[in-house]
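**Q** One structure coming up, written as structure tokens, with questions to follow.
The values are calculated or read from the model by the stated rules, or taken from the named source; none is laboratory data. Not measured: the values here are computed from a predicted model. Neighbour counts run over all protein chains shown; Cβ positions are idealised from the backbone, glycine included.
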Amino acid sequence: MSGSLPPQLMQYFAPRLALEYKPPADKLPLDRKHVELTGIASFVSLFEDPKDTPAPTVGEDPEAKLKRLRDEKKEKNEKRIAEEIANWNPKEENKDVKTLDAFKTLFVAKLNYTTSDYTLRREFEQYGEIAKVVVTKSAIDHKPRGYAFIEFVKESDMRSAYKRADGMKIDGRRVAVDVERGRTVKGWKPRRFGGGLGGRKVVSGPPRPVAREESRAPSSYDYRGGSGGYSRDSDRGKGGGDSYRSSRGGGSSYGGGADDPNKAPIGARRGRDDDRGDRDRDSRRDSRRDDRSRDDRGRSERSDRYERSRSPRRR
């Protein structure tokens, strides 16, 4: 079929030229010479003696590993604390960061980190004259640590602040106060050395359910006034104080010496008004029911007369 094509199209079907022969750059894999493989009999003497092979190591139990790491950390901390306690001297004189008289010094904790010595002086001057206020700061970043020491001029003023200032709110936080114990109590150690009085409460187990307060008052309630009271469910003759009872058939009576009904307790008058309102509603409901009955009777009578008028008369 291609032979019938014109020469202009036949040139697109002309075969390509043959590829030029190029000799291989390397020997063929079959023509290459390889190293002959030999056995390992000549190397058996270099093997390790089975008698000298160490026993296989067994992996450490996870719980035992945690216990070991915990014990190592505890031992390390105890060693560090012992070294710091040996170098710690609370009675060392340092007027810049300590007060002069420890027995006149008040310890204030749980402070707001933005509370300044000026604010503390202003809040505690009500208990007496203050000699010095020291807000403890970190030695690394010089930021407040949340507690301070206040030295009073008189020891009696410090004791007054110790008794009254606990729980005072300063800058939105309630503070805790205590006497200084580092220089007044023998053998006292701070929290970082395993001492101190503080600590965090650790609660285990699910939280306790919170009892909800009843939003509605009980059906039977008592009201107690200055000399007595009244009870909605109380009967005449029971208990003391004012008693109120009402019924449709028997009127109403007031106990406790109240002859005038208008002098009865507010709750009693409200109960009487409620009963009166109930009776009025019942009477209106009965009257409407009677009116509907009369209307129905009237319609039925008119319908009967209309039917009789249309029926033919008998002769």
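**Q** Against the conditions (1) assigned by the TED database to the domain that holds residue 174; (2) in a loop (DSSP other than H, G, I, E, B), where does residue 126 fall short? Just the number, please.
**A** The failed condition is (2).
**Q** Sort out which residues of region 151-197 are among the aliphatic types (A, V, I, L, M) and either within 30 Å of residue 77 (Cα to Cα) or surrounded by 15 or more Cβ atoms within 10 Å (Cβ to Cβ) (or both), and write them in order of number. Explain how you work it out, then say what you get.
**A** Looking only at region 151-197, we keep the residues that are among the aliphatic types (A, V, I, L, M), and these are 153, 158, 161, 165, 168, 170, 175-177, 179, 185, 197.
Those that are among the aliphatic types (A, V, I, L, M) and either within 30 Å of residue 77 (Cα to Cα) or surrounded by 15 or more Cβ atoms within 10 Å (Cβ to Cβ) (or both): 158, 161, 165, 168, 170, 175, 176, 177, 179, 185, 197.
**Q** Going by what's in this entry, would residue 69 be described as part of a helix (DSSP H, G or I) and in contact with a helix residue (DSSP H, G or I) (Cβ under 9 Å, 6 or more places away or on another chain)?
**A** Numbers: part of a helix (DSSP H, G or I): yes; in contact with a helix residue (DSSP H, G or I) (Cβ under 9 Å, 6 or more places away or on another chain): no.
Considered against the rule, which asks whether it is part of a helix (DSSP H, G or I) and in contact with a helix residue (DSSP H, G or I) (Cβ under 9 Å, 6 or more places away or on another chain), residue 69 comes out as no.
**Q** In the list 72, 129, 78, which residue meets the criterion of being free of Cβ contacts under 8 Å to residues at least 60 places away in the same chain and under 19 Å from residue 178 (Cα atoms)?
**A** On the way: 72 fails: under 19 Å from residue 178 (Cα atoms); 78 fails: under 19 Å from residue 178 (Cα atoms).
Going through 72, 129, 78 in turn, the sole match is 129.
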